[in-house]
Structure formats: C-alpha cells, structure tokens
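Okay, structure first, notes after.
Read the figures in this text as sums done on the coordinates, not as results from a lab. This one's a predicted model, so the numbers in the text were calculated from it and none came from an experiment. A quick note on method: Cβ atoms are made from the backbone with ideal geometry, for glycine too, and the neighbour counts reach across all protein chains shown.
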Amino acid sequence: MHFKSAHEVRDLLRKKEISSEELTKLCLERIEKVDAKVEAFLEVFEDALDTAKEIDKKILSGENLPDLAGIPMGIKDNICMEGKKVTCASKMLENFVSPYDATVVERLKKNGAVIIGRLNMDEFAMGSSTENSAFKKTRNPYDLERVPGGSSGGSAAAVAAGEVYYSLGSDTGGSIRQPASLCGVVGFKPTYGRVSRYGLVAFASSLDQIGPFTRDVEDAALVLNAICGKDDKDSTSKDVAVEDFTTYLNKSLKGVKVGLPKEYFGEGIDDGVKKEIEKAIEVLKDLGVEVKQISLPMSQYALSVYYILASSEASSNLARFDGIRYGYRAKDFEDIIDLYVKSRSQGFGNEVKRRIMLGTYALSSGYYDAYYKKALKVKTLIINEFKKAFEDVNLIVSPTSPSVAFKFGEKSSDPLKMYLSDICTVPVNIAGLPAVSVPVGFSDNLPVGLQIIGNYFKEGEIISLAHGIEKALNLNLRPNV
Amino acid sequence: MEFEAVIGLEIHAELSTKSKIFCSCTTEFGGEVNTHCCPVCLGLPGALPVLNKAVVDYAIKAGLALNCKINKETYMARKNYFYPDAPKNYQITQHETPLCSDGFVEIETEEGLKRIGIQRIHIEEDAGKAIHEGEHSLIDFNRSGVPLIEIVTKPDMRSPKEARLFFEKLRSILLYAGVSDCKMQEGSLRCDVNVSVRPKGSNEFGVKTEIKNMNSFKALEKALEYEIKRQINAIKNGEKIIQETRRWDESKGQTIAMRSKEEAHDYRYFPEPDMVYLKVDDEWIERIKATMPELPDEKKRRYINDYGLPEYDANIITSSKELAEFFEDAVLNGANPKTVSNWIMGEVLRTLNDKDMEITDVKFTSRQLVKLIELVEKGTISNTIAKKVFAEMFETGKDPEKIVEEKGLVQITDENAIREIVNKVLDENPQSVADFKNGKTKAVGFIIGQVMKASKGKANPQIVNKLVEEELKKR
C-alpha cells in the first residue's frame with residue numbers, strides 16, 4: 001500500500017475500498033516506523049486525520065471529488081500554511097507560525113489534499129544535500145549513509161520511502177530535480193510563472209518555482225493540474241491556459257525530436273550516471289524518438305550567473321529576518337545595530353550567511369555593473385540560446401545530477417564542489433524553462449535520474465516523453481528502509 | 001563677494017487611493033495601530049506585492065498636472081536598508097526608470113514668471129511608523145505600503161522665497177488634480193531640500209547639504225534662510241562645506257548635522273524580481289487626461305480674461321482649489337465676479353486669517369454671501385452694516401436676511417426720520433455747529449459720525465450727508 005501511486009490510491013478511494021482516514025493512518029504509521037531512519041519530516045500534523053475524516057464524509061455522501069482528494073501528502077517547509085509553523089529549516093524561523101495559506105496550499109486544500117506534515121530542507125533552500133538544515137539530517141532511503149540531495153531533500157525522501165504519496169518542493173537551481181534524481185522519484189519543476197509563488201518563502205524570486213515529487217509521471221500530471229495557473233497574488237505568475245496534463249500520457253513518441261547538449265555529458269559527469277543515461281537514450285530511440293546532438297555553450301556560464309543572481313536576490317529577500325518583528329532574536333545586545341548583527345549571525349547557518357554576503361557584495365555600488373548587471377546580460381544570452389535550440393528540437397535531455405547520492409560530509413566542506421551538483425539543472429532555472437527528473441536506472445544500486453527540459457509552458461510534451469520512458473523501463477522503485 | 005543659493009526639493013506626497021500600493025488594505029489615516037495590515041504590507045515571509053493600478057492612475061495624473069513626460073515602460077526597484085519601520089528591510093520604489101520625468105511648474109516671483117523644472121516623479125511605498133515609549137520602541141504598520149510619489153525638482157530655485165512659492169504652488173496643483181490630500185500635519189506631504197551656495201554668476205555647483213523633513217512652508221523657508229547663512233558664513237571663514245544630511249530643529253531655529261556622506265547608505269538598488277515591467281500605453285494616458293480638472297494656471301487666466309479680475313486677486317483666489325470653488329459657486333449664483341472677488345479678498349480672507357481657518361471650515365455658503373451682496377446692491381443695508389452682518393454670518397452661518405431682520409439692521413432711507421436725528425445731533429452739539437459757522441469744515445465729519453452713531457449705522461450715508469449739509473446751512 002505504501003508504494004502505490006496517488007492515482008492508484010485515488011481509484012481505491014473512489015471504489016471505497018479504503019477510506020481517507022485509513023489511508024492517512026497508514027501513512028502516519030509508516031512515518032512512525034521509518035522516519036526515525038529517514039528523518040524527512042520536521043513536523044507531522046496531528047489534525048491531518050480530521051481533514052481525512054471530512055473527505056470521507058464527502059465520499060460517502062456521493063460527492064464527485066478531485067483526483068487528489070483524501071490522499072496524504074507533505075509540503076516542503078518553506079511553503080506557508082495557515083496556523084502551522086514554516087521554519088525553512090532555519091533557527092531564524094524555528095517558532096514562526098504562518099497566519100496565511102500559500103496559494104498552492106489553498107489549491108491543495110480545495111482539491112481535498114490531506115496535508116500531513118512539513119518536510120526537511122536545506123536552510124532557506126540553499127544547498128544540494130539537505131545537510132544545511134538547522135534541525136536534522138534527512139537520509140537517502142536507498143542508503144541511509146547518503147544524502148537525499150537538496151534542497152528539497154525531505155520532500156524527495158518522504159515520497160521515496162513511502163511515507164506520503166506525493167509532496168511539494170521548490171526548485172531555484174535544481175532543488176526539486178536533483179533530490180528526485182538521488183532518491184529515485186519523479187520531480188517536476190514547471191515553467192517559471194506556471195505555479196504561484198505566493199506563500200513560498202522566497203530564496204531567489206526570479207528563479208524559485210514550486211513543483212511536485214511523485215512516484216510516477218501520471219501523478220506528476222495530477223498534481224500539476226491542481227497547482228498550476230495564474231494567481232492574482234503573484235505578479236510573476238503567467239496567464240497561460242492550464243490544460244489537463246493527463247491528456248499527455250500514453251502518447252506516441254514517434255517523430256519527437258530530442259536534443260542532447262554535448263556540454264551536459266562532458267567532464268564531471270560520473271561514468272555510472274553517463275552509462276544509465278545513455279541506456280535511457282537508446283530506449284527513447286526504440287520508442288521512435290529522433291535524437292540529435294546539440295550544443296549549448298552558454299550553459300557553462302549558468303552556474304556563475306546563478307550564484308550572482310540568486311545570492312543577490314537572497315541577500316535582499318532574507319533582509320527581513322532581523323529579529324525585530326518575528327523570528328530569532330539574540331538575547332544580549334547593545335543597540336539596534338548590535339541586535340541585527342547578533343540575531344542574524346546566530347540565527348542563520350553558514351551557507352545562508354555565505355550567500356547573503358556574496359549577494360550583498362554583488363549588489364554594492366561600484367560592483368553592481370560588473371556582477372549583477374553582467375549576470376543579467378548573460379542570463380539573456382542563455383535564454384536566447386535555449387530558444388534557438390527549441391527551434392530544432394521539442395525537448396532536451398541530460399543527466400539530472402552529475403553523480404548518484406553521495407555520502408554525508410563528502411561535499412559539505414567544499415562549497416564549490418557542492419555547487420557543481422547543480423551544473424545540469426541550474427541553466428534551466430536561469431532560462432525559466434520547465435523540466436522533470438525521471439528515474440531511468442541505478443548505478444551502484446543508487447537511482448539515476450534523466451532530466452527532460454521542455455520549451456516554455458510545454459510541460460505536456462515533457463510529460464509525454466517522461467511517461468513513455470517510464471513505461472518502457474518499468475523500474476522497481478522501492479528502497480528497503 | 002555676493003553669494004547665491006542653489007536649491008532643489010524632494011517632495012513625498014501620499015496618494016489618495018483607497019487601498020495601499022501592493023495590497024488591498026485601506027490607506028485611511030488614524031486607525032487603531034496595526035489594524036490596516038496584511039501579510040503583504042507586513043512583509044511576512046512568502047507574501048508578494050501586486051501593483052495597485054489606481055496608484056499608477058494617480059501618479060500619471062500628478063505627472064500630467066506637472067507637465068511631465070509619462071514613461072511607457074518602467075520597473076520597480078528595491079532600495080535596501082535596515083530600519084525597523086521597514087518591514088522587509090527594503091523599500092519597493094523606482095530607481096533607474098521613474099514613471100514621469102521632465103516636467104515643470106511655473107511660479108510668480110517678484111521678477112516675473114519663473115519655471116522650476118521637475119526632474120522626475122516615481123511611485124513607491126511608505127514605511128511604518130516607529131513610536132518610542134520609555135525604553136521601548138513600538139512600530140505601527142498602518143502606514144506601511146501607503147502609496148507615495150516622490151517628486152524631485154531640478155536645482156532651479158535661488159532663494160528660500162522661491163522654494164516656498166514653488167512648494168505652495170506644487171501643493172495647490174496636487175490638490176487641484178485630486179491626487180493627494182497634502183496634509184502636512186498628518187505627513188501626507190513631506191519635503192526634503194538640497195541646498196548649496198556659490199558666488200553669484202558662477203555656473204558651478206557648491207557642495208550641497210540635505211535638510212530633512214520640514215513640515216510646513218514656514219519651516220522650509222526658515223530652514224533654508226538659516227542654512228544658506230550658515231554655508232555663506234562658513235565659506236567666508238575659510239571652512240569647507242561638508243556634504244551631509246541635516247535636520248531642521250524648529251525650536252532652536254537651526255539645522256543640525258545628522259550624518260555625513262561617508263555614513264550614507266549603499267542602497268544596493270536592483271530591479272524588484274517579484275514584479276513585472278509596468279507598461280503604460282497612450283490609451284491609459286488619454287484616459288487619465290480626460291479626468292484632469294482645470295488646474296490653477298488655467299483657472300487664473302480664465303478669471304482674468306472672462307471675469308476681469310486683477311491678476312493679483314486671481315492669483316490669490318486660485319491658490320486654493322476650495323477658495324476657487326467657493327468663488328465660482330458665488331458667480332454661478334448670479335453675483336458679479338468682481339464684487340465677489342472683493343468680498344473674498346477683503347472680509348472673507350481677513351476673517352479666515354484672523355481665526356486661522358480654511359475656507360472649507362466656514363459655516364456659511366457661497367449662496368449666502370451672494371444674498372449678502374444682493375442686500376447691499378438693493379440698498380437694504382449699507383456696506384458698513386454688511387460687514388457686521390458678514391461677521392455674524394461667519395459666526396453662526398445664519399442667512400443674511402434673517403440677521404438683518406432679527407437685529408433690525410435695515411437701512412433707514414426715510415428723509416424725515418433722518419432729518420429728525422440730524423437736528424437732534426445738531427441741538428446736542430452747539431460747539432460743532434459754531435465751529436462750522438466759523439469755517440471749520442472738519443466739524444461736518446464729526447456731525448455725520450454722530451448721526452450714523454445715533455442711527456446705529458443704519459442711516460443711508462448719502463442721505464445723511466445731504467441732510468447734515470442742508471440743516472447746518474439753516475442754522
């Protein structure tokens with residue numbers, strides 16, 4: 001039961017073979033059993049059962065319910081839910097309770113979702129291993145000695161370990177796709193502007209995007225159906241019609257043109273990963289996909305651009321955490337400046353402070369043109385290069401992560417090494433494109449994910465390809481926890 | 001060496017929109033602390049700003065009223081600084097791309113008409129308000145997110161007087177356009193000033209200082225007078241002017257240094273990533289243009305050309321939108337424009353001044369003033385009595401006819417009745433009669449005065465004149 005997909009569970013609920021209450025209890029038991037090892041949850045909501053009971057009443061009364069109704073799920077702890085803490089895995093917000101719902105939470109509630117808890121992450125979504133959480137280390141369900149990836153490590157691990165049927169994460173430079181790849185689940189980052197960011201605690205406003213972690217591609221389509229769409233509360237959300245993404249399932253892939261950017265297969269990609277990706281590409285060819293080599297030379301600058309833009313925005317976005325109105329406040333201070341300095345020095349972790357300093361520097365007068373402005377220009381070049389590529393191909397595929405799940409501490413002492421984990425995913429955020437990571441195999445018994453990048457608002461095309469390869473491979477994705 | 005001042009103003013005006021700039025909270029002044037707030041204007045984690053279109057409407061209107069170019073594509077920017085009343089520790093404003101630019105305002109100086117350039121107008125959010133109580137500091141966020149325009153002038157003013165004239169004119173234009181209530185006491189109109197001095201005739205700029213937050217026209221003028229003197233004296237004493245921010249201390253009558261340029265913030269401006277470009281098309285601008293009321297300069301020309309008012313009167317009456325409305329109402333009610341103007345320039349403004357009131361505070365209507373004028377024109381009361389009636393009307397708001405009736409102020413025009421009073425006065429003042437007979441014509445004045453007094457001012461003065469002369473001759 002724990003490893004069924006959300007759409008399978010939905011069918012059981014509709015056939016009344018199981019109730020939402022029973023399902024939620026099963027999840028709570030599973031969490032009780034495995035989360036001591038996986039440590040994906042920062043909090044489990046006791047009142048989730050009340051929601052489940054309400055859904056059951058509706059099911060019994062014969063009401064026609066949305067696909068996600070009654071199904072337990074979890075949210076990354078940077079998404080606001082009224083009356084619940086939202087800590088961003090930071091000491092700074094350890095006791096902060098949100099007085100309002102994020103738009104995605106509002107939409108999930110409307111769809112009858114049973115939100116069962118808050119999931120661990122790298123502090124303020126900065127990191128690639130979830131080791132930067134101020135509260136706990138989430139473990140990879142496939143190997144508890146290894147990281148789940150990050151920053152949405154809790155969201156990925158909880159789905160992989162069968163603790164929830166799906167979850168939400170956020171992706172600024174790969175924070176959904178990379179942990180999905182490392183944990184053997186589907187992780188979808190929609191087009192920038194597809195999903196409202198209202199109520200997502202901002203890391204880098206121009207790059208952040210909320211998306212789902214699911215057990216299979218069909219579930220991803222269902223969750224996207226629920227959360228996508230223009231929101232008047234987010235000026236950057238776009239008014240593009242949201243199609244029923246399930247109509248993109250089970251499509252023929254004959255004649256679909258897929259580009260393989262040579263820069264994404266070069267140095268730095270582990271051989272084991274490369275081998276699995278190449279196998280997957282052969283499978284795609286068997287399905288009738290036309291594969292061709294392409295080149296995206298500007299992508300090599302994406303990581304540099306990312307660390308300028310994301311850090312600059314973060315330095316400003318995180319300025320509000322100052323110990324004055326809410327959040328952590330240092331105990332002893334001399335004056336207001338001292339209060340700021342001590343609260344922020346004590347309340348933020350090292351990686352967050354590193355990026356705030358980097359961003360503050362990049363925006364400083366005298367450096368702004370050389371860093372921030374130049375990064376914006378390179379961003380435009382990266383966008384143009386992708387646009388040009390999409391004139392010839394429908395989709396672009398690459399490894400999601402250059403390596404499989406790594407060991408705790410393996411990269412955490414060297415920020416630059418850690419930053420390279422996102423080398424394949426970051427260009428997609430810079431361009432604002434949609435992309436998925438879908439499991440395509442194992443290297444050393446650890447999952448390997450394939451990244452499929454689509455053109456703007458072409459989530460449907462991504463779903464078609466991802467679903468095709470998922471069916472063809474039919475992998476067993478059940479870790480032994 | 002003779003010096004001249006170079007002055008530029010930065011004015012913040014709260015826009016009169018019903019809701020805040022990035023959320024739907026009310027902008028109403030004076031609510032219970034922290035009740036006009038939501039996650040957006042409190043800058044809570046995850047909340048996002050959405051631009052209120054009405055703010056753009058109002059800012060465009062201000063721009064058009066100040067003869068500005070409206071920029072078609074602009075964006076918001078973040079101004080980063082740590083301050084407890086700024087809930088996000090950055091202010092959403094405009095930096096490289098103001099919504100309006102390159103405008104001007106004309107002021108009437110002693111040397112004639114002068115154009116003061118408007119460099120830019122941009123939209124931005126206001127901050128909260130810190131309240132200090134004992135050793136605690138509290139913050140009220142009701143004002144956080146109230147929309148502001150910042151108007152920056154070119155350094156075109158050369159004296160405190162000009163700065164004051166400009167600021168008064170600007171306020172009047174904003175009030176006419178209806179974009180701000182410009183209440184300086186409530187902080188909805190605030191002014192900072194940049195000032196430097198240089199040898200008269202020089203084209204170079206001296207080192208400037210900025211004076212913050214003068215909350216009245218008088219304060220602006222006084223602060224500038226002080227600061228210009230201070231700078232000139234410093235230069236004469238061989239001291240260097242330091243570029244710094246100063247504040248005006250009203251009680252001491254001095255400007256006081258706050259922080260130097262070295263201590264100035266690096267605001268680290270960058271484009272606000274939570275918002276999209278603000279695009280304004282011609283249609284939008286035209287729509288706003290269509291709602292633009294007649295502005296003071298146009299009105300003044302019309303008063304001079306159509307109503308024949310002297311320029312001075314037209315200037316004064318149009319300086320306040322409400323006063324002009326009062327005037328026009330009276331004219332619409334059938335009064336002679338020149339007569340109304342005389343009343344306004346005379347009794348009305350004098351009384352308002354005496355009582356430190358605004359035209360909007362008065363109890364009587366323009367219709368009542370017209371009735372009073374008609375009473376004089378019909379000869380029912382004299383001008384002298386009319387002033388008394390006006391005073392009463394000002395106090396009580398009663399109809400002038402009623403006041404005249406109640407107080408028995410109707411003019412006496414009956415010659416027999418007046419002759420009786422005249423003779424009584426002459427009988428009582430034999431000395432004056434004798435003086436007259438001895439050729440002292442001054443005595444006539446005294447006698448007329450006594451007659452008016454005896455009639456309680458109600459006697460028709462022309463008839464009194466005539467009869468006093470007649471009766472004196474008979475003696």
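Quick notes on this structure:
- Put simply, the amide H of B:Met258, placed in the peptide plane, has neighbours under 5 Å in B:Thr245, B:Arg246, B:Arg247, leaving out anything fewer than 5 places away on its chain.
- With contacts taken as Cα pairs under 8 Å and at least 6 residues apart, segment A:306-396 reaches a relative contact order of 35 percent.
- Segment B:189-205 - phi-based ³J(HN,Hα) in whole Hz, Karplus 6.51/-1.76/1.60, Gly and Pro as x: 9, 10, 9, 10, 9, 10, 9, 9, 10, 7, x, 4, x, 5, 9, 8, 9
- D_trans [Stokes-Einstein, Kirkwood Rh over alpha-carbon pairs] for segment B:1-61, 25 °C, 0.890 mPa s, µm² s⁻¹: 172
- Within a straight-line Cα-Cα reach of under 20 Å, A:Lys342 can be paired with the following lysines, leaving aside sequence neighbours fewer than 8 residues apart in one chain: A:Lys91, A:Lys331, A:Lys353, B:Lys88.
- The separation of segment A:143-163 from segment A:232-260, counted between C-alpha centres, amounts to 27 Å.
- Semi-axes of the equivalent ellipsoid for the protein assembly as shown, Cα gyration tensor, largest first, Å: 77, 31, 25
- Of all DSSP beta bridges in chain A, antiparallel share, percent nearest 5: 70
- Rounded to the nearest 500, the 222 nm mean residue ellipticity of chain B from helices alone is -12000 deg cm²/dmol, with -39,500 (n - 2.57) taken per DSSP H run of at least 4 residues.
- Peptide A:87-93 shows a mean partner chain C-beta count of 1 within 10 Å per residue C-beta.
- Spatial offset of segment A:280-356 relative to segment B:101-163 amounts to 37 Å, using the alpha carbon center of each.
- The packing ranking, built from the mean of other Cβ atoms within 10 Å per residue, places the peptides B:222-230, A:292-300 in the order B:222-230, A:292-300, highest first.
- For the peptides B:172-182, B:393-403, the ranking by packing is B:172-182, B:393-403, with the highest mean count of neighbouring Cβ atoms within 10 Å listed first.
- Inter-chain Cβ neighbour average for residues A:98-106, partner chain, 10 Å: 2
- Stokes-Einstein D (µm²/s) once Rh is taken as the Kirkwood radius of chain B over alpha-carbon pairs, at 20 °C in 1.002 mPa s: 81
- Straight-line cross-link reach from A:Lys275 at under 13 Å between alpha-carbon atoms covers these aspartates and glutamates, not counting any fewer than eight positions away in the same chain: A:Asp444.
- Per-peptide packing, taken as the mean over residues of other Cβ atoms within 10 Å, places B:117-125, A:212-220 in the sequence A:212-220, B:117-125 from highest down.
- Shielding of A:195-202 by partner chains, average beta-carbon count, 10 Å: 4
- Alpha-carbon centroids, segment B:1-58 and segment A:371-433: separation in whole Å: 39
- Cα-Cα over 21 Å, subset of A:Lys76/B:Lys79; A:Lys238/A:Lys458; B:Lys300/B:Lys338; B:Lys129/B:Lys261: A:Lys76/B:Lys79; B:Lys129/B:Lys261
- Taken over segment A:200-308, the convex hull of the Cα atoms encloses 171 Å³ per residue.
- The equivalent ellipsoid of segment B:3-287 has semi-axes of 32, 24, 18 Å, largest first, where each one is the square root of 5 times an eigenvalue of the Cα gyration tensor.
- Computed 3J(HN,Hα) for segment A:219-226, one whole-Hz value per residue from the Karplus formula 6.51 cos²θ - 1.76 cosθ + 1.60 where θ = phi - 60°, is 4, 4, 4, 5, 5, 4, 3, 7, glycine and proline marked x.
- Percent of Cα-Cα distances greater than 36 Å, calculated over chain A: 23
- For B:Ile412, residues with placed amide H under 5 Å, excluding near neighbours: B:Ala459, B:Asn460
- Straight-line cross-link reach from A:Lys57 at under 22 Å between alpha-carbon atoms covers these lysines, not counting any fewer than eight positions away in the same chain: A:Lys15, A:Lys16, A:Lys25, A:Lys109, A:Lys110.
- For B:Met214, nonlocal amide neighbours, meaning residues 5 or more places apart or on other chains whose placed amide H falls under 5 Å from its own, are B:Cys191.
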